[in-house]
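See below for the structure under consideration.
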Amino acid sequence: MAKSFSDRGSTRPSRYAQLVGTTVTDLDAVRRERLSSVSEETDGDGKRRLFIRFPTPHSRESIQTLEVSNWLMAPELAVAFAEMVVVWGGDKSEPSRQTFINDLNHGFFQYLARNDRPAPSLATLNTAFINGFIEWLGRMEDGAYVLAAYTRLHYLGAVRSVVSHLKKSKQYRSQLSKDLHIRRNPWPGASRQIAHPTKIIAPADWIHLHSMCIEACTQIMQTVEQGWTMLAEESPEPNSLASHLQQLDALFPTVIGSFVKLQQLDAPLARQIGTPESLATLRTYFHPSPRDLVPFLLLLAMVSFFSGETLFATRRSDVSYIEIQGVKRLVWRPYKSRSRRRQHRSFPISDAPDSPTVLIPFIERWTARIRPVATPRLQEWLFIWIPVNKPSEPHGFESKSGGSKGAWQNHLSAFLIENELPHLTLRQVRTTGLDNVHTWFDGDLLALQAASGHQNPEVILSHYTSDAARKRHDERLGDVMTLRSRWRETDGIIDPRTLPPNQDLAAATPGWRCFDPYDSPVPGQDKGKLCSAYGACPGCALAHLNLQDGYALARALQLKVKIEQAQTQLPAARWLTAWAPRLQRLIEYWLPRFQDETVIREADQWDLDDLPDLE
């Protein structure tokens, strides 16, 4: 018989029984007492079982039940740990609670099961015991950790959370050993070992995925919208598609039922439709299946960069419209449970096939028919669907909603195989999208933080920086080091810091551009080393000018004057050999190529610093 610890007579009542004289500071405990519970039960074989229960009023099951009977191996700790989980988990999501229980099961209580020492009590749970647990977590075999860094930190973190709440508990803190301390960082550098960037999708596959999703979404929308038109027809032809749709609409006001149900309600119509597969095809006109929603979710993930869980749990109320300077925009602000804050995106109204302003209104109308029979929570979700094989009530792509993440994985795999795409996940879609942002904004961390919705930039660096982005960072660092080396070797003559934006920093002469500055044909330059032939660009086969850039023209004219002045400053042989041909090339070839009057006027407006002397 089940008996709550808050109900039974006990010489050691739980914190939930101590409600006499409750103060304002105890209101949270009162709330949790009413909403959550820890209970011990005895099964038919007389075996003791321990359960933690949380109310989940918006899910298919009204109660989330977590069995922790294995904790009874440490009877002096089991109830205390369970009650602290209740305190910790009152405001957490169902998956977070389950993950927390798993971390305790596979970590601390697995250690107790394999430890030869007697199970500790609260009084004997001390620093030495915790250090033994830490050593067990950090055990090594064949020179490598048995448990990954991420796993070790999470297993220890779960115990740290429980101990932290025990120390705050009025009931249990006096029973704890005063010598109970958990080291803050038992594995220095372990958090950095977690960083295994998600593999990004290859550019060709990204383009193909985008194309296939647009094609699938467009086809579905055209089909469904055609069905909406047929449902409004008057007196359709007997045994036509429009006639079948209208009869199904009359028979099933919400969810289009199974073929067996159709045979019971209207046998002649069932014979006309023919097979369960044909009926499943007709259901698409009324409401989506999980397979139907796959391309929509992929497209929205590609343009929003939201995580899968954030997308799956998007509510209709998360989408609104605003007007900025006379331009209407769609605002999308879904809640991300992991960060406990809303993400933010806005999109201009557009008829582009991948625009959320096209896809989201369509999905909301498409799913409107089945919302009345969904659970209160799912009625608010944007992405709901009806199973193909057992059409009954709406589901979502999450286990706690009555659907399953397995459903998403299965239908995603089917879509990828059908369109000859490699295996990929929504996490890869998000990471690839953020990698594109990294490219578009030249590695700007603030731009990445805004696009990802992360509060801590360290998360971006450790988890969402792809190998390609890391290589781009390395290349940039290498470029900066190379530019600085050339600056030092030329005694500051070639200084890229003085150049305006969008100029070629690698070119040896301001205003010029170079096709390959590491393979200069100028005599005296080393292959594989950044060219340092300042002023030699007019006569170099790899150099060129942007003819639409006023700055380039201004610098070219300035270089012409500088070469002419050098005639009186350099030995005649040196000037005639090195600089006369470059001056001739500049005057006869490069300068006459600037024909645009706008560019010429822009060049006159530049106030340039002087060029260094020529050698």
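Being over 30 Å from GLU309 (Cβ atoms) and either of a type in the set (Asp, Glu) or surrounded by 14 or more Cβ atoms within 10 Å (Cβ to Cβ) (or both): is that true of ASP179 here?
Values: over 30 Å from GLU309 (Cβ atoms): yes; either of a type in the set (Asp, Glu) or surrounded by 14 or more Cβ atoms within 10 Å (Cβ to Cβ) (or both): yes.
The answer is yes for ASP179.
Which residue is farthest from THR229 (Cα to Cα), if the candidates are limited to segment 361-392 and must be open to solvent by less than 60 Å² (accessible area, probe 1.4 Å) and assigned to a loop (DSSP other than H, G, I, E, B)?
If we take residues in segment 361-392 being open to solvent by less than 60 Å² (accessible area, probe 1.4 Å) and assigned to a loop (DSSP other than H, G, I, E, B), then THR375 is farthest from THR229 (Cα to Cα).
Residue pairs, Cβ under 9 Å, 6 or more apart or interchain, first in segment 301-318 and basic (Lys, Arg), second in a loop (DSSP other than H, G, I, E, B). List them.
Hits for this filter: ARG315/PRO334; ARG315/LEU382; ARG316/LEU382.
Being part of a helix (DSSP H, G or I) and touching a helix residue (DSSP H, G or I) at 6+ places or on another chain (Cβ under 6 Å) is the filter; apply it to segment 87-96 and report the residue that is modelled with the lowest pLDDT. So that I can check it myself, show each step before the final result.
Within segment 87-96, the subset part of a helix (DSSP H, G or I) is 87-89, 94-96.
So of that shortlist, the ones also touching a helix residue (DSSP H, G or I) at 6+ places or on another chain (Cβ under 6 Å) come out as 87-89, 94.
Values: VAL87: 90, TRP88: 89, GLY89: 87, GLU94: 81.
Of everything passing the filter in segment 87-96, GLU94 is modelled with the lowest pLDDT.
I'd like to know if segment 59-77 contains one or more residues that are modelled with pLDDT under 85 and more than 20 Å from SER93 (Cβ to Cβ). Give the steps one after another, and end with the answer.
The initial filter retains those residues of segment 59-77 that are modelled with pLDDT under 85, namely 59-63.
With the extra rule that they be more than 20 Å from SER93 (Cβ to Cβ), the set shrinks to none.
Within segment 59-77 (the criterion being modelled with pLDDT under 85 and more than 20 Å from SER93 (Cβ to Cβ)), the answer is no, since none of the residues qualifies.
Does ALA270 meet the test of being out of contact with any Lys or Arg (no Cβ under 7 Å at 6 or more places or on another chain), buried (at least 17 other Cβ atoms within 10 Å of the Cβ) and farther than 22 Å from TRP366 by Cβ? Even if it seems obvious, please write down each step before you answer.
Details: out of contact with any Lys or Arg (no Cβ under 7 Å at 6 or more places or on another chain): yes; buried (at least 17 other Cβ atoms within 10 Å of the Cβ): yes; farther than 22 Å from TRP366 by Cβ: yes.
Yes, satisfied.
Can you report the number of residues in segment 97-120 which are open to solvent by less than 30 Å² (accessible area, probe 1.4 Å) and not in a helix (DSSP H, G or I)?
Looking only at that region, the number is 2.
Taking segment 57-86 only, how many residues are within 25 Å of GLU393 (Cβ to Cβ) and in a helix (DSSP H, G or I)?
Residues meeting the conditions: 0.
Can you tell me which residues in segment 528-571 are farther than 21 Å from ASP491 by Cα and assigned to a loop (DSSP other than H, G, I, E, B)?
CYS540, ALA541, LEU542, LEU545, ASN546, LEU547, GLN548, ASP549, GLN567, THR568, PRO571
Tally the residues that are modelled with pLDDT of 90 or more, open to solvent by 20 Å² or more (accessible area, probe 1.4 Å) and of a type outside the set (S, T, N, Q), restricting the search to segment 305-322.
Summing the residues that are modelled with pLDDT of 90 or more, open to solvent by 20 Å² or more (accessible area, probe 1.4 Å) and of a type outside the set (S, T, N, Q) in segment 305-322 gives 5.
Determine whether GLU141 is closer than 26 Å to PHE286 by Cα, out of contact with any Ser or Thr (no Cβ under 7 Å at 6 or more places or on another chain) and open to solvent by 50 Å² or more (accessible area, probe 1.4 Å).
No; evaluated as a whole, the condition is false for this residue.
Matching residues to (1) touching a residue at least 24 places away in the same chain (Cβ under 8 Å); (2) acidic (Asp, Glu); (3) in contact with a Pro (Cβ under 7 Å, 6 or more places away or on another chain):
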{"residue": "ILE220", "(1), (2), (3)": "yes, no, no"}
{"residue": "THR254", "(1), (2), (3)": "yes, no, yes"}
{"residue": "LYS261", "(1), (2), (3)": "no, no, no"}
{"residue": "LEU265", "(1), (2), (3)": "no, no, no"}
{"residue": "GLU277", "(1), (2), (3)": "no, yes, no"}
{"residue": "TYR285", "(1), (2), (3)": "yes, no, no"}
{"residue": "PRO288", "(1), (2), (3)": "yes, no, no"}
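Could you please let me know if SER399 is at pLDDT below 95 and within 22 Å of ARG430 (Cβ to Cβ)? First the steps, then the outcome.
Numbers: at pLDDT below 95: yes; within 22 Å of ARG430 (Cβ to Cβ): yes.
In short, yes.
Any chance you could count how many residues in segment 321-353 are among the polar types (S, T, N, Q) and more than 15 Å from the chain's Cα centre (by Cα)?
Counting residues in segment 321-353 that are among the polar types (S, T, N, Q) and more than 15 Å from the chain's Cα centre (by Cα) gives 3.
Check every one of the helices (runs of 4 or more DSSP H) wholly within segment 124-225 and list those with 3 or more residues that are more than 24 Å from the chain's Cα centre (by Cα). Let's see the steps before the verdict.
On the way: elements: 127-137, 149-168, 190-193.
Hits in segment 124-225: 127-137, 149-168.
Give me the pairs, please: first residue somewhere in segment 131-160 and farther than 24 Å from ASP179 by Cα, second residue anywhere and part of a helix (DSSP H, G or I) and open to solvent by 20 Å² or more (accessible area, probe 1.4 Å), beta-carbon distance under 6 Å, and either six or more positions apart or on two chains.
Close Cβ pairs satisfying both conditions: ALA149/GLN193.
Scan segment 473-503 for residues that are in contact (Cβ under 8 Å) with a residue 24 or more places away in the chain, assigned to a helix (DSSP H, G or I) and exposed (fewer than 12 other Cβ atoms within 10 Å of the Cβ) and jot them down.
THR498
Six or more apart or on different chains, Cβ under 8 Å: which pairs go from a residue in segment 583-601 that's touching a residue at least 12 places away in the same chain (Cβ under 8 Å) to one that's of a type in the set (Lys, Arg)? Could you list them?
Matching pairs, first to second residue: LEU583/LYS560; LEU586/LYS560; ILE587/LYS560; LEU591/LYS560.
Tell me which of these VAL358 doesn't satisfy, since it passes every other one: (1) within 22 Å of the chain's Cα centre (by Cα); (2) assigned to a helix (DSSP H, G or I); (3) buried (at least 18 other Cβ atoms within 10 Å of the Cβ).
(1)
Kindly provide the set of residues from segment 535-569 that are within 20 Å of ALA580 (Cα to Cα), in contact with a Ser or Thr (Cβ under 9 Å, 6 or more places away or on another chain) and surrounded by fewer than 20 Cβ atoms within 10 Å (Cβ to Cβ), ordered by number.
The one that is within 20 Å of ALA580 (Cα to Cα), in contact with a Ser or Thr (Cβ under 9 Å, 6 or more places away or on another chain) and surrounded by fewer than 20 Cβ atoms within 10 Å (Cβ to Cβ): LEU542.
The values are calculated or read from the model by the stated rules, or taken from the named source; none is laboratory data. From a predicted model like this one, the values you see are computed outputs, not experimental measurements. Cβ atoms come from the backbone with ideal geometry, glycine included; neighbour counts cover every protein chain shown. Protein only, heavy atoms only, side chains kept; ligands, DNA and RNA dropped before computing areas. Shrake-Rupley method; radii C 1.70, N 1.55, O 1.52, S 1.80 Å.
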